[in-house]
Amino acid sequence: MARLKSRCPDADLLRLINRFLKAGVSIEGQVEPTPLGVPQGGPLSPVLANVVLDELDWELDRRGHRFARYADDCNILVKSKRAGERVMASVTRFVSDSLRLTVNPLKSAVDRPMNRKFLGFTVSRNGAKLKVADKGLDKLKDRVRELTRRTRGTTFAVVVAELRETLLGWKAYFGITEVLSPLRDIDKWVRRKLRCYLWKQWGRAGYRELRKRGVSVREAWNVSKSAHGPWRVSQTPALSIALPLRFFEQMGLPSLAPR
């Protein structure tokens, strides 16, 4: 608040921010006071983080460091491990002594760029290309699994529409990635999940649906009488013929990797 008052003359705005900070938090229906920090997840939190950490930016700039910071997440790039350890120690002291904040030792490390992630991204092994971090890919796959769960009882068109919204949103953020092979793998995996979903919905009509979509009598018969489950069947040539890439494009399913 002291820093805001030194820059902002609007008393009403300052009063509103102060009330926001002291509003408390509801835990299991009980309101508890918030004597320190800012409420997590609120739109004002990253703004206030920038207000406090602006001083860190200028200090790093004064020291000649190359760095990137977003809210409370910061990467500082140096040439060697020894330099990294020295900078880590000095910056930790500055953050503690000047800003009165604590650097989380569990989330902080001196390491090569490809072993760290920043805002969901990392870099390739040679450090030349931007890459989506494994955690970002795992979160997307968890969401796809949730939407394509075979027990949902939702129509195929609705599932594709929900997937379209999720994939377009994910692509809007991660679309700047330069390493595309993981995205191509996810595109194939999503289509397989949808083939599995549709095969389960067809049920006993599976043979007729395959024949209607151009699969040979022999292939359709072998697949429809297979003892394997839907996931195993979803990767058979018969399902690829019946439900090709063109089918999903016509349904409006976007691809993460450009073709």
For the range 81-101, name all the residues that are closer than 16 Å to residue 55 by Cβ and loosely packed, with under 13 Cβ neighbours inside 10 Å. 90, 93, 96, 97, 98, 100
Residue tally, condition within 16 Å of residue 190 (Cα to Cα), surrounded by 14 or more Cβ atoms within 10 Å (Cβ to Cβ) and not polar (S, T, N, Q), over the range 212-235: 3
Look through the range 194-211, keep the residues that are among the hydrophobic types (A, V, I, L, M, F, W, C) and within 14 Å of residue 226 (Cβ to Cβ), and return whichever of them is surrounded by the fewest Cβ atoms within 10 Å (Cβ to Cβ). 202
Looking at this structure, is residue 166 within 29 Å of residue 186 (Cβ to Cβ), outside any helix (DSSP H, G or I), open to solvent by less than 100 Å² (accessible area, probe 1.4 Å) and of a type in the set (Ser, Thr, Tyr)? no
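For the structure I just gave you, tell me whether residue 115 is polar (S, T, N, Q) and under 30 Å from residue 20 (Cβ atoms). I'd like the intermediate steps shown before the answer.
Values: polar (S, T, N, Q): yes; under 30 Å from residue 20 (Cβ atoms): no.
No.
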The correct count of residues that are under 20 Å from residue 78 (Cβ atoms), of a type in the set (Val, Ile, Thr) and assigned to a loop (DSSP other than H, G, I, E, B) in the range 91-108 is 1
Could you tell me whether any residue of the range 65-80 is assigned to a helix (DSSP H, G or I) and either exposed (fewer than 14 other Cβ atoms within 10 Å of the Cβ) or modelled with pLDDT under 95 (or both)? no
Go through the range 137-161 and give me each residue that's in a helix (DSSP H, G or I), free of Cβ contacts under 8 Å to residues at least 40 places away in the same chain and surrounded by fewer than 17 Cβ atoms within 10 Å (Cβ to Cβ). 138, 139, 142, 143, 146, 158
Out of 104, 75, 115, sole residue that is under 20 Å from residue 176 (Cβ atoms) and of a type outside the set (D, E, K, R): 75
Restricting attention to the range 20-32, does a residue exist that is in a helix (DSSP H, G or I) and without any contact (Cβ under 8 Å) to a residue 60 or more places away in the chain? yes
Six or more apart or on different chains, Cβ under 9 Å: which pairs go from a residue in the range 236-256 that's buried (at least 19 other Cβ atoms within 10 Å of the Cβ) to one that's of a type in the set (Gly, Ala, Ser) and assigned to a helix (DSSP H, G or I)? Could you list them? 238/220; 238/224; 242/220
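The values are calculated or read from the model by the stated rules, or taken from the named source; none is laboratory data. Worth saying up front: this structure is predicted, and the values here are computed from it rather than measured. Counting neighbours? That spans all protein chains shown, and the Cβs are built from the backbone with ideal geometry, glycine included. For the accessible areas, the whole protein counts, side chains as well, though only heavy atoms, and no ligand, DNA or RNA atoms are used. Shrake-Rupley method; radii C 1.70, N 1.55, O 1.52, S 1.80 Å.
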